[in-house]
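Undergrad: Encoded as structure tokens, here's the structure I'll be asking about.
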Amino acid sequence: MAKHFLLLLFAVYVAAIDEEPFIGVNIGRDLSDMPHPTQVVALLKAQQIRHVRLYDADQAMLIALANTRIQVAVSVPNQEILAIGQSNTTAAKWVSHNVIAHYPATNITTICVGSDVLTTLPYAAKVLVSALKFIHSALVASNLDHQIKVSTPLSSSMILDSFPPSQAFFNRSLNPVLVPMLDFLQTTGSYLMLNIYPYYDYMQSNGVIPLDYALFKPLPPNKEAIDSNSLLHYSNVFDAAVDAAYVAMAFLNYTNIRVVVTETGWPSKGDSNEPDATVENANTYNSNLIKHVLNITGTPKHPGIGVSTYIYELYNEDAKAGPLSEKNWGLFDANGKPVYVLHLTESGGVLANDTTNQTYCVAKDGADPKMLQAGIDWACGPGKVDCSPLLQGQPCYEPDNVVAHANYAFDTYYHQMGKSPQSCDFNGMATISTTNPSHGSCVFPGSLGNNGTFPNVTLSSMNSTNSDSSACNLHSGELGIRSLLMVIVLLLWGVALL
């Protein structure tokens, strides 16, 4: 009985971990000087990026990603869908060559069959569901269907009448494909992949959508958009689009398919007729997006249910056709230099895209002063932090308040512990930040200045199969506070029953 109960607890624990929302990045390759795959992976590791989506199944990239624990979504390119959707054998060969040959060393978790097929490739749409099923059948044959999910990224433009979200529905002309596709997703436990671009919604709205609403900026209640049917308040385009997708699926009687956003972002540069494609706006959107997802804010219709999201994209793609904005969605240039440094706190170090890799542990906004003082006492005592700079007359004494002193004590301990995410907790009173808290002559540990250069990473370190410290930190960081709390509660309950 006790053994069975513990197995049940473990199953619940694993499920809780799996439900934690994540931030990933898309990796496009339309660059005139594409970095070598080992350089790409070095950047991913330096930025603690744990989820990536490839637009193909590039063999060199999959080899470079081996033994990194990074979760990988590979893609069947659009031009291959027709062949795969017409032949089970072709699908099996594709899976054998691009998935089975690399798994499990390369942690492939998802196969994306095409992208925006329903809205851009009508000739391939008729075989899309067959392609999904054939790819899935190949996974079943290799006993990988539980480890690897199959879906297809769709454009949010196929959702009509998307505001208010409560009356949204899919373009009915697509139902002959959508209904069997949703059947497939529900049966296999997969998710609806959605590409959401508030930038384009804003640009095409002729001033109806306010810029702040598109950028995730905090809005006063009287500026929020109100769904007249549900009376829910929406403060950003992203949440409204996600809820519209849930409503559109419910309209077709599908209510238990999760939404994953496979593309979203904001361009940092545009042509003269794209005045809002700026570094400031791109930074604002992506910084707010990351915090929104990782804080598990959820949406007005589904509060507290996070929406895993891939940012578009890792690199600026200078070889892309189209307007200037098309070439400037990246977080980094081809040399691994950040286009802008994201304004992040509470992201656990994920995408703290200052490539000098400087992160700091500071007190959370609004933290209880008594708890902060307890944290200082612990850091300066059992934590073995040298707190002498906090003494009167020393460089970090001023400002003489508990928040400033906690910042120094917490950050020093964090750096002593190798900047592992779990060392910046202090009973939930601390958070990781990319903003240097040094001031005046009070210099915090790790304050080396920002020169925008890429850290040196050796090839051998990238190909190592050992569980190095960064990999361990990756793994432990993914556990999530909510999952741990859930397990603790269940264990206590189990002990009581036993």
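The values are calculated or read from the model by the stated rules, or taken from the named source; none is laboratory data. Every value quoted in this text rests on a predicted model; they were computed, and no experiment measured them. Cβ sites come from the backbone with ideal geometry, for glycine too, and all protein chains shown count toward neighbours. The protein model used for the area step is the full one, side chains on, heavy atoms only, and it has no ligands, DNA or RNA in it. Shrake-Rupley method; radii C 1.70, N 1.55, O 1.52, S 1.80 Å.
Undergrad: Counting only heavy atoms of the protein chains, get the accessible area per residue of region 104-246 (1.4 Å probe) and round it to a whole Å² value. Walk me through the numbers on the way to the answer.
TA: Values: 5860 Å² over 143 residues.
For region 104-246, the per-residue accessible area is 41 Å².
Undergrad: Taking amide H atoms as placed 1.01 Å from N in the peptide plane, list the residues 5 or more away in sequence, or in a different chain, whose amide H sits under 5 Å from that of PHE170.
TA: When sequence neighbours closer than 5 places are left aside, the close amide H contacts are LEU160.
Undergrad: To make sure I understand the rule: partners must be lysines, Cα under 22 Å from the Cα of LYS126, and not fewer than 8 residues away in the same chain. Which ones qualify?
TA: Cα-Cα hits under 22 Å: LYS93, LYS149.
Undergrad: Still on this structure, I have one more. In terms of Cα to Cα distance under 25 Å, which lysines are near enough to LYS269, apart from those fewer than 8 places away along the same chain?
TA: Within the straight-line cut-off, LYS269 pairs with LYS217, LYS291, LYS320, LYS327, LYS337.
Undergrad: Quickly rank 142-150, 392-400 as a protection proxy: mean count of other C-beta atoms within 10 Å, highest first.
TA: In decreasing order of mean packing, 142-150, 392-400 become 142-150, 392-400.
Undergrad: What would the Debye formula give as log10 I(q)/I(0) at q = 0.13, 0.20 Å⁻¹ for the alpha-carbon point model of region 360-447, no solvent?
TA: Here the Debye-derived log intensity ratios amount to -0.33, -0.84.
Undergrad: Cβ under 11 Å from VAL247's Cβ, VAL247 left aside: what net charge do those residues give with Lys, Arg +1 and Asp, Glu -1?
TA: So the environment of VAL247 carries a net charge of -2.
Undergrad: I'd like the carbon and sulfur percentage of the solvent accessible area for region 377-446, probe radius 1.4 Å, heavy atoms only, ligands and nucleic acids excluded.
TA: Values: 1760 of 3340 Å².
Carbon and sulfur atoms account for 53 percent of the accessible area of region 377-446.
Undergrad: Can I ask one more? Can you tell me the FRET efficiency between LYS320 and ASN171 if r is taken as the Cβ-Cβ distance and R0 is 35 Å, rounded to the nearest 0.05?
TA: Computed FRET efficiency for LYS320 and ASN171 comes out at 0.85.
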